[in-house]
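Since the structure comes first, as structure tokens, the remarks are kept for the end.
The values are calculated or read from the model by the stated rules, or taken from the named source; none is laboratory data. Everything numeric here is computed off the predicted structure, so don't read it as measured data. Cβ sites come from the backbone with ideal geometry, for glycine too, and all protein chains shown count toward neighbours. The accessibility values were calculated without ligands, DNA or RNA, using every heavy atom of the protein model including side chains. Shrake-Rupley method; radii C 1.70, N 1.55, O 1.52, S 1.80 Å.
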Amino acid sequence: MDLQEFNSAPDDRLRPLLAACCDVPRWVDGILAGRPYADVEALTQTADKGLRDLDASEVERALAAHPRIGDRAAGAGTEAAWSRNEQSGVGDDPEVRAALAAGNREYEERFGRVFLICATGLSAQEMLTSLRQRLTHDESAEAAVVQEELRKIALLRLAKVVA
């Protein structure tokens with residue numbers, strides 16, 4: 001949809017699309033409340049500010065909507081389709097997939113949440129390298145990285161909504 005359609009669409013039509021970008025009701029409500037937007041840049045700035053203001057519980061809620069790197073998102077919904085496309089760089093190499101699965105388990109044991117990375121444009125090896133490097137972070141440093149990765153994913157997805 002274009003910006004004019006985005007600005008005039010009913011909330012109930014946009015809410016699921018925005019939740020597929022970032023499943024945080026306060027963020028979705030903030031985007032909807034900001035309409036109409038003069039241009040896509042104004043929409044993106046509002047979205048970006050809202051993503052930077054998420055609290056820890058909102059980040060955790062948003063993470064719950066993301067599959068593990070290397071897992072295929074199930075379903076026919078918008079979010080699942082976007083996730084499959086974003087993770088297309090994982091490929092089918094069984095060794096890399098096994099290393100990602102092992103890294104995911106180690107990450108989840110260490111941090112208690114799914115490993116999140118903005119996978120768009122990354123190779124499986126780049127994702128694996130980042131995963132291994134991030135396992136060296138302390139909780140505070142990793143929480144900041146997770147929020148930044150979530151922000152990048154949400155903004156990329158929002159750009160797909162308002163194409």
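Kindly indicate the residue of region 121-147 that is open to solvent by less than 70 Å² (accessible area, probe 1.4 Å) and among the polar types (S, T, N, Q) and also farthest from Leu3 (Cα to Cα) among those meeting that condition.
Taking the candidates together, the pick is Ser130.
Of the listed requirements (1) open to solvent by less than 50 Å² (accessible area, probe 1.4 Å); (2) within 29 Å of Ser130 (Cβ to Cβ); (3) touching a residue at least 24 places away in the same chain (Cβ under 8 Å), Phe6 misses just one: (2). Applying the set (1) in contact (Cβ under 8 Å) with a residue 40 or more places away in the chain; (2) open to solvent by 10 Å² or more (accessible area, probe 1.4 Å); (3) closer than 16 Å to Leu63 by Cβ to Leu150 leaves exactly one unmet item: (2). A single entry from Ala80, Ala20, Ala76, Ala64 fulfils the requirement of being in contact with an Asp or Glu (Cβ under 9 Å, 6 or more places away or on another chain), more than 24 Å from Arg134 (Cα to Cα) and at pLDDT below 95: Ala20.
Residue-by-condition table, conditions (1) modelled with pLDDT of 95 or more; (2) open to solvent by less than 50 Å² (accessible area, probe 1.4 Å); (3) under 25 Å from Val145 (Cα atoms):
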site: Pro16; (1), (2), (3): yes, no, no
site: Arg26; (1), (2), (3): yes, no, yes
site: Ala33; (1), (2), (3): yes, no, no
site: Tyr37; (1), (2), (3): yes, yes, no
site: Glu41; (1), (2), (3): yes, no, yes
site: Gln45; (1), (2), (3): yes, no, yes
site: Asp53; (1), (2), (3): yes, no, yes
site: Val59; (1), (2), (3): yes, yes, yes
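Looking only at region 29-59, residues that are over 23 Å from Pro10 (Cβ atoms) and part of a helix (DSSP H, G or I) come to 10 in all.
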